[in-house]
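**Student:** Got a structure here, written out as structure tokens. Questions coming.
The values are calculated or read from the model by the stated rules, or taken from the named source; none is laboratory data. If you're wondering where the values come from, they're calculated on a predicted model, not measured in any experiment. We place every Cβ from the backbone using ideal geometry, glycine too, and count neighbours over all the protein chains shown.
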């Protein structure tokens, strides 16, 4: 909870209507999140058409009316779940890639994380859905913008922190990453490719993103292999 | 007509059943082509759901039963029209690009041609459609393979004929071209981008494909500008 809320709560009696409103908002956020989690799993497993609001409500231990209260329609819930998923996966990919020691391992970790989840395929379907549901387009637009902006921020920060040299300007590199992820996913689904094949294809098309300065291993390599010296005999 | 057919026709009397079968086949091909032309225009204008078999038949001056005879379903016609369109556009793009004099102009001509038509967006919808209509996937698969194979062949031939040096191996370059075209189209539609914006974004993400040998302008530049000397006074 933010400091402002804590302070406000200490100044108010427990029965205060603002306190009750906060509690309701917090419960509302939890319910929303639970509905999105359940929807995401079901939609990725069965697709939009084969999942009903009743299915999602049952899976989230909620009432169908709670879904229509928070999301209005199944399609709006689909798009919001897909947008949330792809942003989660992008952040997890950056975290995983941030632990790698070379530019090549960094790119591989990004690609494996992003293509290993169903999130890009789910997001591709959400993008297509906005063609007939223009009212849902703004959330997809904002999500594409966030993928680009957060990708740029993370990539530029990694290059700077490690002293790596990006072959393209970082913004183009981040935008290209997502365009290729989306293109490879859509082609791959049409070709019946498995997730590992998608990752291999994407890695091939991304190529080398960055170079480490020649001869300078800037990070100490630790924990390579299972050294016997570290095991207790 | 292929030489073999001409020779065969000269050996047969006019009333020969093989001749009649050939005439029927040729009329059938023409009708098929007319139905595909009409379908392509209508689908690109209004989308799959808003076009009926009766609309396409009326537009092609044909009977609805001819559509079901040649294509069985509206969805199969949609996929076949989209696959044909994207292959046509790819060939027209190669032809247009083949007239350019520098690697940068070559790439720009390819990108402008491919993104200027609605063909990639139409093909993206066909790809998505195969997710719920697995029976239509084989044609889409073959089309992706042909886009890759024909792109590779054309690109490798241009590089060799002009003495340009491709930055990536030609197969990766061709596959990357299409993945980016598809990714940029899907993102762009979701973002409400105009075709010129799609071309600009794609050009940015493709970057430099190839380099001309330094200092060697290998082709003579002719016909630049409208010279007054060629007009009849």
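**Student:** Hey, could you check the range B:160-176 for residues that are free of Cβ contacts under 8 Å to residues at least 24 places away in the same chain and more than 10 Å from chain A (Cβ to nearest Cβ) and say which is nearest to residue A:124 (Cα to Cα)?
**Tutor:** Checked the range B:160-176; the qualifying residue nearest to residue A:124 (Cα to Cα) is B:170.
**Student:** Which of (1) within 22 Å of the chain's Cα centre (by Cα); (2) in contact (Cβ under 8 Å) with a residue 60 or more places away in the chain; (3) buried (at least 19 other Cβ atoms within 10 Å of the Cβ) is the odd one out, the single condition residue B:203 does not satisfy?
**Tutor:** Residue B:203 satisfies all of (1) within 22 Å of the chain's Cα centre (by Cα); (2) in contact (Cβ under 8 Å) with a residue 60 or more places away in the chain; (3) buried (at least 19 other Cβ atoms within 10 Å of the Cβ) except (3).
**Student:** Conditions first: (1) over 18 Å from residue A:127 (Cα atoms); (2) modelled with pLDDT of 95 or more. Residue B:135 passes all but one, so which condition is the exception?
**Tutor:** (2)
**Student:** Taking interchain pairs and intrachain pairs at least six residues apart, which have beta carbon atoms under 6 angstrom, with the first residue in the range A:134-149 and free of Cβ contacts under 8 Å to residues at least 24 places away in the same chain and the second surrounded by 14 or more Cβ atoms within 10 Å (Cβ to Cβ)?
**Tutor:** A:137/A:130; A:141/B:191
**Student:** Which members of the range B:117-128 meet the condition of being within 14 Å of chain A (Cβ to nearest Cβ), in contact (Cβ under 8 Å) with a residue 12 or more places away in the chain and assigned to a helix (DSSP H, G or I)?
**Tutor:** Listed by number, the residues that qualify are B:120, B:121, B:122, B:123, B:124, B:125, B:126, B:127.
Matching residues to (1) in a helix (DSSP H, G or I); (2) facing another protein chain (nearest Cβ under 10 Å); (3) within 24 Å of residue A:83 (Cα to Cα):
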position: B:131; (1), (2), (3): no, yes, yes
position: B:141; (1), (2), (3): yes, yes, no
position: B:145; (1), (2), (3): yes, yes, no
position: B:148; (1), (2), (3): yes, yes, no
position: B:178; (1), (2), (3): yes, yes, no
position: B:187; (1), (2), (3): yes, yes, yes
position: B:198; (1), (2), (3): yes, no, yes
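**Student:** Also: Being touching a residue at least 40 places away in the same chain (Cβ under 8 Å) and not in a helix (DSSP H, G or I) is the filter here, so list the residues in the range B:80-116 that pass it.
**Tutor:** Correct list: B:101, B:102.
Quick grid of which residues meet (1) farther than 24 Å from residue A:131 by Cβ; (2) at pLDDT 95 or above; (3) part of a helix (DSSP H, G or I); (4) within 20 Å of the chain's Cα centre (by Cα):
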| residue | (1), (2), (3), (4) |
| --- | --- |
| B:18 | yes, no, yes, no |
| B:23 | yes, no, yes, no |
| B:29 | yes, no, yes, yes |
| B:35 | yes, yes, yes, yes |
| B:51 | no, yes, no, no |
| B:56 | no, yes, yes, no |
| B:62 | yes, yes, no, no |
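**Student:** Just give me the residues in the range A:51-81 being under 22 Å from residue A:124 (Cα atoms) and surrounded by 17 or more Cβ atoms within 10 Å (Cβ to Cβ), in sequence order.
**Tutor:** Across the range A:51-81, the qualifying residues are A:51, A:53, A:56, A:71, A:74, A:75, A:76, A:77, A:78, A:79, A:80, A:81.
**Student:** In the range A:37-49, which residue that is within 14 Å of chain B (Cβ to nearest Cβ) and assigned to a helix (DSSP H, G or I) is modelled with the highest pLDDT?
**Tutor:** Across the range A:37-49, the extreme among qualifying residues is A:43.
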